[in-house]
Amino acid sequence: FRIELRPDAFDARETEQLTAACAKHFDISKEEADYFVINDRIDNKLYEYGGITIQFKNGSTADFADASDQLSREILMRTVAKSFVCYPKEIAELIH
């Protein structure tokens with residue numbers, strides 16, 4: 001399978017083209033081809049507060065987000081969302 005990621009959602013026309021190409025290539029119905037083309041969205045956080053504790057030379061500890069001078073807590077805890085489409089690699093040449 002091939003997976004494509006992007007920040008914006010894939011439109012219905014794109015997924016319909018993939019489904020049609022899949023149905024044609026494998027000689028199956030469109031309804032069956034729908035099982036081979038997956039379009040969805042994923043969310044991920046870079047960091048969950050309390051997940052990493054740093055121990056300093058003096059023995060004290062602090063959360064990674066608090067101990068870092070380089071990264072702000074807002075950046076570390078921001079949710080990143082991406083859309084993806086997954087389809088059989090055999091049809092990649094047919095659509096691009």
**Asked** Which residue pairs have Cβ atoms closer than 9 Å, lie 6 or more positions apart in sequence or on different chains, and pair a first residue in region 32-53 that is at pLDDT 80 or above with a second residue that is in a loop (DSSP other than H, G, I, E, B)?
**Response** Phe36/Phe1; Phe36/Ile28; Phe36/Pro88; Val37/Pro88; Ile38/Phe1; Asn39/Ala9; Asn39/Phe10; Arg41/Ala9
**Asked** If you check Asn39, Asn44, which single one turns out to be closer than 28 Å to Ser83 by Cα and loosely packed, with under 13 Cβ neighbours inside 10 Å?
**Response** Asn44
**Prompt:** Looking at (1) touching an Asp or Glu at 6+ places or on another chain (Cβ under 9 Å); (2) loosely packed, with under 10 Cβ neighbours inside 10 Å; (3) at pLDDT 95 or above, which is the one condition that is false for Thr79?
**Reply:** (3)
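The values are calculated or read from the model by the stated rules, or taken from the named source; none is laboratory data. This is a predicted model, so every value here is computed, not measured. We place every Cβ from the backbone using ideal geometry, glycine too, and count neighbours over all the protein chains shown.
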